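The values are calculated or read from the model by the stated rules, or taken from the named source; none is laboratory data. If you're wondering where the values come from, they're calculated on a predicted model, not measured in any experiment. In this analysis, Cβ positions are derived from the backbone assuming ideal geometry, glycine residues included, and neighbour counts consider all displayed protein chains.
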2 protein chains.
Amino acid sequence: MNSKINTQQKILDAAQNLFAEAGFNDTSLRQITTKAEVNLASVNYHFGSKKELIQAVLQRYLQILMPRLDQEFDVLLAKTKPNHLPDVLAVFVKPLLELNNIQRKGTRTFLQLLGRGYTDVQGHLRWFINHHYGRTLDKFVLLVQQSCPHLPQSELFWRLHFALGSIVFTMASNDALAEIALADFDEAVDIEGVIHRLIPYLSAGIAAPVFNQTTVTPTRTVA
Amino acid sequence: MNSKINTQQKILDAAQNLFAEAGFNDTSLRQITTKAEVNLASVNYHFGSKKELIQAVLQRYLQILMPRLDQEFDVLLAKTKPNHLPDVLAVFVKPLLELNNIQRKGTRTFLQLLGRGYTDVQGHLRWFINHHYGRTLDKFVLLVQQSCPHLPQSELFWRLHFALGSIVFTMASNDALAEIALADFDEAVDIEGVIHRLIPYLSAGIAAPVFNQTTVTPTRTVA
DNA sequence: ACTTGTTTGAAATGTACGTTTGAATCACTG
DNA sequence: CAGTGATTCAAACGTACATTTCAAACAAGT
């Protein structure tokens, strides 16, 4: 009775960890089914295809995280005064860390998967998230706009993607970076530490003044 | 006489464009040799393996760019006073744009390749660049350290990788992002525009104050 | 023109992949 | 306990890949 449900879960659990470590393209169904101790054909039986398995792995987290974020955004949007940008970004922290309650190392795994999703399969995840959770994302963009009224829409667009880049790249490389940090600075860094390091960086970057004339140095020798 | 040299160049040219567009893993030698109009075996004959071809593609740019950067760093290091961070970052602009003289769309292609290199083949490019151009990178880190004396080494390490993430992710997704920007804001953005948009963002992010106590909102209800 | 070393060509090799198939096994119901 | 639908299993299928092979074509020196 629990065998069939167990198979799906075992596949999802094995897949998410392998995907997070090595990326989607570089993880084969054979690796997944071997690790999950299920038959190779069961992935196609239960999920249809590898692509749909990837979506299922991501959905397991997204369907928990996004509604949580949505309600947090609503709270901030209800306030009369615009929120400070660091407070807007800090909204992500609690819902993200709550993923650890769903699954051991849930936060870390999800963020790594997110990183893989954006870098491995170009465009697919971006479309998927926008399609399923566009409403929630719009609320976030609105909040950022309200905190940074000096930023034109197009500038904000680019900066939010710069920020997404920092997050996604950091998470995809998280293991490698944590390893270096440990070796070079004797500093053990968990995912929560990285998140809290990211916030000031992202806040300052996103809210930076628009025309930074110091971009071109005031050297008079330049042609 | 020019046939053999031409073959190598034709392979490199075809490979770099396909790699930049689709990534290293998702570009096959068959696609490359077809586009280059050379025989499939010639890649292995001239470069040994696909891996070595990837290195050759990257090296063609790096061996031009890195010495240029190195000398620019030396100029800034020679100054008696610490440089402002935006000036340090702006050092990249000229050498990067000079890649357009070497090759049409050279800057764009190289930056996309860099993005692919960091996201596709985890760790390899990081090792490769560190191994071949570690000296130059150290100069850059030193310059940033001098401009941001308030930042502990470990904080700087993370922030530089956050910055690398913004760059690499933006460049890997450059086509998709430019497309969205064009559709949503009627705004055509070339690679130079993106670079100049990045500098204020990166400057502010890297130099952000360290302990941002607003990171955690003053909610007393947290357990 | 013949020889020598380099480069190209077409074909084959072996491996890994995602997916499909059909029989065997299981869990449950009437 | 026979029957039925869902699940598992071993095996195979077809495709795509990087790489190798070896003969043919080529360039250059003597």
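Annotations for the structure displayed:
- The range A:107-125 - residue that is surrounded by fewer than 24 Cβ atoms within 10 Å (Cβ to Cβ) and over 11 Å from the mean Cα position of the chain (by Cα) and, of those, modelled with the highest pLDDT: A:His124
- Residue within the range B:154-163 that is closer than 27 Å to B:Arg108 by Cα, of a type in the set (D, E, K, R) and either within 7 Å of another protein chain (Cβ to nearest Cβ) or not in a helix (DSSP H, G or I) (or both) present: yes
- Residue match in the range B:171-183 (condition: without any contact (Cβ under 8 Å) to a residue 12 or more places away in the chain and outside any helix (DSSP H, G or I)): no
- Note on the range B:140-156: residues that are crowded, with 18+ Cβ neighbours inside 10 Å and either at pLDDT below 95 or not hydrophobic (A, V, I, L, M, F, W, C) (or both) amount to 2.
- Among (1) more than 12 Å from the chain's Cα centre (by Cα); (2) within 14 Å of chain A (Cβ to nearest Cβ), the one test that B:Gln59 misses: (2)
- Listed conditions (1) more than 21 Å from the chain's Cα centre (by Cα); (2) within 11 Å of DNA strand D (Cβ to nearest atom) are all met by B:Glu37, apart from (2).
- Scanning the range B:185-192 turns up one or more residues that are at pLDDT below 95, more than 10 Å from chain A (Cβ to nearest Cβ), within 22 Å of B:Gln63 (Cα to Cα) and under 17 Å from the mean Cα position of the chain (by Cα).
- Enumeration of residues in the range B:25-37 that are away from DNA strand C (no atom under 12 Å from the Cβ) and modelled with pLDDT under 95: B:Asp26
- In the range A:44-54, the residues that are surrounded by 19 or more Cβ atoms within 10 Å (Cβ to Cβ) and within 15 Å of A:Asn25 (Cβ to Cβ): A:Leu53, A:Ile54
- With respect to the conditions (1) touching a residue at least 60 places away in the same chain (Cβ under 8 Å); (2) closer than 17 Å to A:Phe140 by Cα; (3) not aromatic (Phe, Trp, Tyr), A:Ala163 lacks only one, and its number is (1).
- Screening B:Met66 with (1) over 22 Å from B:Arg135 (Cα atoms); (2) in contact (Cβ under 8 Å) with a residue 40 or more places away in the chain; (3) in a helix (DSSP H, G or I) gives one miss only, at (1).
- Every listed requirement among (1) more than 10 Å from DNA strand D (Cβ to nearest atom); (2) over 27 Å from B:Ala22 (Cα atoms) is met by A:Leu53 save one, (2).
- Total residues in the range B:38-93 satisfying the condition of being over 29 Å from B:Arg159 (Cβ atoms) and away from DNA strand C (no atom under 16 Å from the Cβ): the figure is 2.
- Residues in the range A:16-34 that are within 12 Å of DNA strand D (Cβ to nearest atom) and charged (D, E, K, R): A:Arg30 only.
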